[in-house]
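Working notes, structure below.
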């Protein structure tokens, strides 16, 4: 692999270059010094003045003089590349597609830094090159959901949709519109939520729809009607709706999860209602309730704690970054099994 480096004096642990940087205006800037875009040592934060849209990014991780362990996050802590270890003098090339939008994360969250932000972190982050180009007709995967799926902006919270990009690779852009506290009622009717998402859908885009945690007072009939309305709205734009049952809460009775853990509110079994709508509407179903239940119950009350924020905030609903990656892996597995996304490369 040809590895080009500008020997610049910068405040980073290794000399960095960007070669080339193809911006949205089509211009190329070979050998541009990364010092003009990046600051810090651990993490290394790089910002690029590009308009909203989808971008193909290739990064070369590693360092000529030392071993490194580097992960890559984009925008509001979206996981793009898991921790990647490289020996001294060795380099790893990784590619992904990232969606740049305003606000960067949740629809009701902070606007964030304009343009694209890439954060290289991990135990010992090193980056040697970044190649950034506008994506040409990327396939997009939208997420409609609640806080368990959203791009969480504050540590230690993490959504499974926030971890999903790291499992999909280049060519598929994850556009996560999930937002904290939303139910099927509020998301369908809130102007910042489903109506805004719907206008962005293009033919062939996937739209994952996961609700239940905040539908405690929603009747079974209304819940089914809300999901059906979102399915119809996606299809109206030429998109492909995919219904997703809610991840479980870590709520045990003995060795089994109770009704609260299984998202059953009173006599309304919300995952079962989601399955029924999927069957009635002939929509693909990702049964994350079943998959996450199987995992959590197999680990037991103690072994399942690291998935949630139990030991940090006493929270048995929201996910740690570790747990979000575990659940994103289950979602990606189901998406591949249903031939909705490409297999592993």
With 0.36 nm assigned to each residue of separation and the Cα-Cα distance removed, residue 69 to residue 252 gains 62.2 nm
Nearest-5 percent of antiparallel DSSP beta bridges in the chain? 75
What FRET efficiency comes out for residue 202 versus residue 228 if R0 is 25 angstrom and r is the Cβ-Cβ distance? Round to the nearest 0.05. 0.70
What number, in percent, do you get for the relative contact order of region 235-304 if the mean sequence gap of Cα pairs under 8 Å and at least 6 apart is divided by its residue count? 40
Could you give the angle, 0 to 90 degrees to the nearest 10, between helix 270-281's Cα long axis and the longest principal axis of the Cα atoms of the chain? 90
Protection proxy ranking of 197-205, 113-121 - average other beta-carbon atoms within 10 Å, highest first: 113-121, 197-205
Förster radius 35 Å - calculated FRET efficiency between residue 131 and residue 219 (Cβ-Cβ, nearest 0.05): 0.10
For the ranges 278-287, 66-75, what's the packing order if you count other beta-carbon atoms within 10 Å of each residue, average per peptide, and put the highest first? 66-75, 278-287
Between residue 259 and residue 279, with labels modelled 7 Å along Cα→Cβ, what's the label distance in nm to one decimal, could you check? 2.2
What's the extension gain from residue 267 to residue 113 if we count 0.36 nm per residue and subtract their Cα-Cα distance? 51.0 nm
Rounded to the nearest 10 degrees, what's the angle between the helix 288-303 long axis and the longest principal axis of the chain, both from Cα atoms, 0 to 90? 80
Here the relative contact order (percent) of region 139-337, from C-alpha pairs under 8 Å and at least 6 apart, is 24
How far is helix 321-337 tilted, in degrees, relative to the longest principal axis of the Cα atoms in the chain, given as a value from 0 to 90 rounded to the nearest 10? 80
Quick one, can you get me the convex hull of the C-alpha atoms of the chain expressed as volume per residue in Å³? 133
Return the whole-Å distance between the Cα centroid of region 277-319 and the Cα centroid of region 40-108. 28
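Computed from the coordinates by the stated procedures, all read-outs in this text should not be read as laboratory data. Since this is a predicted model, take the numbers as computed values, not measurements. All Cβ positions, glycine included, derive from the backbone under ideal geometry; neighbour counts span all protein chains shown.
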